[in-house]
Amino acid sequence: MSLPCQSVKETKSFYNNIGASFGRSTLNWVDVNFYGHQITFIKAGKFNFNSPNYVFEGKILPSFHFGIILDHTTWQNSYAKLKELQLDLVTQSTFLKHKAGEHHSFFVKDPNGYMLEFKSFKDSNDVFNT
């Protein structure tokens, strides 16, 4: 995924704080290794990005987001670390309780206004089950 950013330096700092590592970069772009998923941020200056929400199981969630799936221990550790950093977290919830696809989830906003979803499935075989 490639996304515009306002500051490569601020973007790198944020992703470093939440445990990402980095690949190739210049002053105008950076490749981020986010739990094995590549995100490239390219300095683009000001941009307008409408982020409408949707309701799922009574929770208001961001329509535009990038998600990662973690084992439960890593998910819990990530939630604790991001909460400790006092980042703007959308409080964790359990979705599809007692159904196929049951998972814990929380969101955090990066410095570019993008929402990141952290998920942990009760049963990893349910990730793509319907």
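What the table shows:
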| item | result |
| --- | --- |
| 0 to 90° range, to nearest 10: angle between helix 72-84 axis and the chain longest Cα axis | 50 |
| Given 12 as the ceiling on other Cβ atoms within 10 Å, longest exposed-site-free region of the chain for chymotrypsin sites (Phe, Trp or Tyr not before Pro) in DSSP loops | 65-127 |
| Cβ-based charge dipole, the chain, positive-most Cα from ALA100, ILE60, ILE42 | ILE42 |
| Cα gyration tensor, the chain - rounded (a/c under 1.5), prolate or oblate | prolate |
| For the chain, calculated [θ]222 nm from helices alone, where every DSSP H run of n ≥ 4 adds -39500 (n - 2.57) | -5500 deg cm²/dmol |
| Helix 8-17 axis, angle to the chain major axis (alpha carbon atoms, nearest 10°) | 40 |
| Student exercise, the chain dipole from Lys, Arg, Asp, Glu Cβ charges, in Debye to nearest 20 | 300 |
| Three-way shape label, the stretch 53-126, alpha-carbon gyration tensor, a/c 1.5 | oblate |
| Whole-Å distance, taken between Cα centres, linking the stretch 102-129 and the stretch 1-38 | 19 |
| Lys, Arg +1 and Asp, Glu -1 on Cβ, resulting dipole of the stretch 53-126 about Cα centre, debye, nearest 20 | 120 |
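Computed from the coordinates by the stated procedures, all read-outs in this text should not be read as laboratory data. The model shown is predicted, which means the values in this text are computed figures rather than measured ones. Ideal geometry is used to build each Cβ from the backbone, glycine not excepted, and the neighbour counts take in all protein chains shown.
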